[in-house]
1. Out of the residues in the stretch 1-32 that are of a type in the set (A, V, I, L, M) and assigned to a helix (DSSP H, G or I), which is surrounded by the most Cβ atoms within 10 Å (Cβ to Cβ)?
2. Just give me the residues in the stretch 14-41 being hydrophobic (A, V, I, L, M, F, W, C) and over 21 Å from the mean Cα position of the chain (by Cα), in sequence order.
3. Could you give me the residue pairs with C-beta distances under 8 Å whose first residue belongs to the stretch 98-116 and is more than 21 Å from Ser45 (Cβ to Cβ), whose second residue is surrounded by 12 or more Cβ atoms within 10 Å (Cβ to Cβ) and among the aromatic types (Phe, Trp, Tyr) wherever it lies, and which are 6+ apart or on separate chains?
4. Looking at (1) farther than 22 Å from Ser44 by Cα; (2) at pLDDT 90 or above, can you tell me which one Ser121 breaks?
5. Taking the condition of being of a type in the set (Lys, Arg) and touching a residue at least 60 places away in the same chain (Cβ under 8 Å), how many residues in the stretch 56-69 meet it?
6. Find all pairs meeting these conditions: Cβ atoms under 6 angstrom apart; at least six residues apart or on different chains; first residue within the stretch 70-93 and without any contact (Cβ under 8 Å) to a residue 60 or more places away in the chain; second residue hydroxyl-bearing (Ser, Thr, Tyr).
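The values are calculated or read from the model by the stated rules, or taken from the named source; none is laboratory data. Remember, predicted model here, so these are calculated numbers, not experimental data. Every residue, glycine as well, gets a Cβ built from its backbone with ideal geometry; the counts of neighbours run over all protein chains shown.
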Amino acid sequence: QHPLFGAGTGSFMAEVGKLARTGDISPSVIGYDHPHNDYLNALSSQGLLGMISYLLVMGYPFLLFYRALWSDDDKVRSAGFCGVVMIAGLLIFGLTETMFTHSIVMSWYVTFSAMLMAVISRKKDVEIK
């Protein structure tokens, strides 16, 4: 019903309740307080724009870290590897859990991404724009 902007952050329970009352979904779904994973959470809460934003928030740093893997500086290459592994792990974990609904995970992601980006920005061959 809300494909572009979604139903709104925190509205999952209300929307599921409406669908259960109309018989569109099983009433047993009411027991769940969030969607199955980060991707469904982004789509249901913020719609297609939220999903695109989520993919950009994960994809852009991933690209920067990936490009750092070919640096001639060992520290930059190591930071790039750590960044690629971190984001790949979060994308995989996000298939079965709503990782980014927890503020501790968001804070951790931003902090470690910033630290790793500070290391890879030492070299001109890996530009952060």
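1. Result: Val16.
2. Those that are hydrophobic (A, V, I, L, M, F, W, C) and over 21 Å from the mean Cα position of the chain (by Cα): Ala14, Val16, Leu19, Ala20, Ile25, Val29, Ile30.
3. Leu116/Phe65
4. For Ser121, the failing item is (2).
5. Residues in the stretch 56-69 being of a type in the set (Lys, Arg) and touching a residue at least 60 places away in the same chain (Cβ under 8 Å): 0 in total.
6. Close Cβ pairs satisfying both conditions: Arg77/Ser71; Val84/Tyr66.
Matching residues to (1) more than 26 Å from Val84 (Cβ to Cβ); (2) acidic (Asp, Glu):
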position	(1), (2)
Ser11	yes, no
Glu15	yes, yes
Lys18	yes, no
Ser26	yes, no
Ala42	no, no
Gly47	yes, no
Pro61	no, no
